[in-house]
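The values are calculated or read from the model by the stated rules, or taken from the named source; none is laboratory data. It should be emphasised that the depicted structure is a prediction, and the values quoted were computed from it without experimental measurement. Neighbour counts run over all protein chains shown; Cβ positions are idealised from the backbone, glycine included.
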Amino acid sequence: MLASLMRCRGDSETYSDLMQVISTPTFESFIHEYHRAVSDSSLAINWRTALDVAERIEDSFDKALASALLAENSPLSAADLWRQTISLGASNYLILLAEDNITKKNDSNRATLEADALLNAALREFNLGRINSAFSLFRVLRLSYPGTVASFESEKISRKIIEPYFRIDSKLNRDLQTAQILIEGKAFQEAINILKGRYDPASVMLRIDAYEKSGLFHKSIREAEDFINNISMNITLFDIPETFLIHLFPIPYKELFRQCGESYGIDPALLASIARIQTRFDPYFQSGYRVGIAGVDVDATTFAKNFIDAPKLEPFELLIPSKAVALQAWLLKNLKSAVNDSAPYKIASAYYSGPANLPNIVNCKNELEWISSLPFKSARVFALDFQYAYSIYKKYFQVNRAR
């Protein structure tokens, strides 16, 4: 930071601007510096100023998002920036973006040397029994240096570390066999009672299945999230094997989302992802004026009555999933036209924050840059969480369509 100040003392305007943003290191001030750097990308000092501001943002989520944005678009060291992003506990989707972008930035020779040094540090932590620290370093290594020998080695060791958390024995013990039989016989509550207090993977999967089949979808989601949160080492969804991950992302009302999506020309994965993030598929959800499985604002029922093609319902009918999702699909169809884009993250953000609150963005190159430009933090958090859920649900609907 001090070096940056010394470098720009000769430019009074730059120095004044930098002092102003330092006094209020917010995400908005970072975005200002970021766009200035983009507008004249040849000036390294502009990128360094943006990095200085990013490092001083106090909110960990916004700091991680700022680091990710710089890692993807600036000439600065991507590996260093992603290392900071991941260490800040960035959201799953933000971490997921790393693999696609780091490869473009790393110099192969330098990357190999850095990766080998990081692997040695991780192995030293692992051999000393500091598993949490080792696992974090292995994750940074996998994401920041893909394609290197050290990265492959770190992935192999990481799998050994997390495998016990997700191993489901082929032979279930007597209690689990009984629970499975009860679920098949639709005695869901009895099965849940037998599984109470058990947190091994097989028990969790059966409990999620029992809650979902009994119609308590929000409880199945909570069960899945509790399982993830209770795992040690701060394992993220990114680390979980894909074969296991689909069980932690159940989709209630699958056919309803599919049918409404087809009726209104909306991706069913988009509908399901919004419900997952906003309401956990709870048909009785209520927060402020948002009600029902889709989290639709009650004022939307009045608004929709002005249009011939819109579903007509009273506010209390938002508690009926089929009607709520139909209205949600119609609203998203109109938002798709309003934002003049079919990108799911743009439509979902407009749905969450309202199109009037969306900035007039013309030259955003990718979804990370667009999400970073959303006007307030809750919208940015929602957009990133939505994108991760969407990346999973999109695969699910594609697989089922192929069948």
(message) So for segment 5-23 (the condition being in the same structural domain as ALA68 (by TED's automatic domain parsing), surrounded by fewer than 17 Cβ atoms within 10 Å (Cβ to Cβ), at pLDDT 80 or above and assigned to a helix (DSSP H, G or I)), does at least one residue qualify?
(response) no
(request) Determine if segment 225-238 includes at least one residue that is outside the structural domain of VAL381 (by TED's automatic domain parsing), among the charged types (D, E, K, R), surrounded by 20 or more Cβ atoms within 10 Å (Cβ to Cβ) and within 30 Å of ALA134 (Cβ to Cβ). (result) no
(request) Please list, ordered by first then second residue, the pairs with beta carbon atoms under 6 Å, 6 or more apart or interchain, first in segment 380-403 and among the basic types (Lys, Arg), second modelled with pLDDT of 85 or more. (result) LYS394/ALA269
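Would you mind stating whether LYS346 is basic (Lys, Arg) and either assigned to a helix (DSSP H, G or I) or at positive phi (or both)?
Details: basic (Lys, Arg): yes; either assigned to a helix (DSSP H, G or I) or at positive phi (or both): yes.
Yes; evaluated as a whole, the condition is true for this residue.
Scan segment 353-361 and tell me whether some residue there is part of a helix (DSSP H, G or I), without any contact (Cβ under 8 Å) to a residue 60 or more places away in the chain and crowded, with 20+ Cβ neighbours inside 10 Å. Quick ask: steps written out before the conclusion?
Let us first name the residues in segment 353-361 that are part of a helix (DSSP H, G or I), namely 353, 355-357.
Now drop any that are not without any contact (Cβ under 8 Å) to a residue 60 or more places away in the chain, which leaves 353, 355-357.
Okay, now just the ones that are also crowded, with 20+ Cβ neighbours inside 10 Å, so none.
There is no residue in segment 353-361 that is part of a helix (DSSP H, G or I), without any contact (Cβ under 8 Å) to a residue 60 or more places away in the chain and crowded, with 20+ Cβ neighbours inside 10 Å.
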(message) Tell me whether segment 150-168 contains one or more residues that are modelled with pLDDT of 75 or more, over 25 Å from the mean Cα position of the chain (by Cα) and buried (at least 21 other Cβ atoms within 10 Å of the Cβ).
(response) yes
(request) Could you please find all residues in segment 283-306 being surrounded by fewer than 20 Cβ atoms within 10 Å (Cβ to Cβ) and outside any loop (DSSP other than H, G, I, E, B)? (result) GLN286, SER287, ARG290, ASP297, ASP299, THR302, PHE303, ALA304
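Name the residue that is farthest from the chain's Cα centre (by Cα), counting only residues in segment 249-282 that are free of Cβ contacts under 8 Å to residues at least 60 places away in the same chain and crowded, with 20+ Cβ neighbours inside 10 Å. Break it down into steps so the answer makes sense when it comes.
Initial filter on segment 249-282 (free of Cβ contacts under 8 Å to residues at least 60 places away in the same chain): 250, 252, 255, 259, 262, 275.
Filter again for crowded, with 20+ Cβ neighbours inside 10 Å, leaving 250, 252, 275.
Values: PRO250: 16, PRO252: 20, ALA275: 14 Å.
Per the stated criteria, the residue is PRO252.
Here's the yes/no breakdown for (1) within 15 Å of ALA272 (Cβ to Cβ); (2) exposed (fewer than 14 other Cβ atoms within 10 Å of the Cβ):
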| residue | (1), (2) |
| --- | --- |
| LEU313 | no, no |
| ALA329 | yes, no |
| LEU335 | no, no |
| TRP370 | no, no |
| PHE376 | no, yes |
| VAL381 | no, no |
| PHE386 | yes, no |
| ALA389 | yes, no |
| LYS394 | yes, no |
(message) Among the residues of segment 312-332, what is the count of those that are part of a helix (DSSP H, G or I), free of Cβ contacts under 8 Å to residues at least 40 places away in the same chain and either under 17 Å from ARG258 (Cβ atoms) or of a type in the set (D, E, K, R) (or both)?
(response) 3
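Looking for whichever is hydroxyl-bearing (Ser, Thr, Tyr) and touching a Pro at 6+ places or on another chain (Cβ under 6 Å) here; the options are SER214, SER220. Which one fits?
Numbers: SER214 fails: touching a Pro at 6+ places or on another chain (Cβ under 6 Å).
Among SER214, SER220, only SER220 is hydroxyl-bearing (Ser, Thr, Tyr) and touching a Pro at 6+ places or on another chain (Cβ under 6 Å).
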(message) Taking the condition of being in contact (Cβ under 8 Å) with a residue 24 or more places away in the chain and among the charged types (D, E, K, R), how many residues in segment 213-224 meet it?
(response) 2
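If you check ASP309 against the conditions, is it in a loop (DSSP other than H, G, I, E, B), in contact (Cβ under 8 Å) with a residue 40 or more places away in the chain and on the phi < 0 side of the Ramachandran plot? Quick ask: steps written out before the conclusion?
Working: in a loop (DSSP other than H, G, I, E, B): yes; in contact (Cβ under 8 Å) with a residue 40 or more places away in the chain: no; on the phi < 0 side of the Ramachandran plot: yes.
No.
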(message) So for segment 85-96 (the condition being modelled with pLDDT of 75 or more and out of contact with any Lys or Arg (no Cβ under 8 Å at 6 or more places or on another chain)), does at least one residue qualify?
(response) no
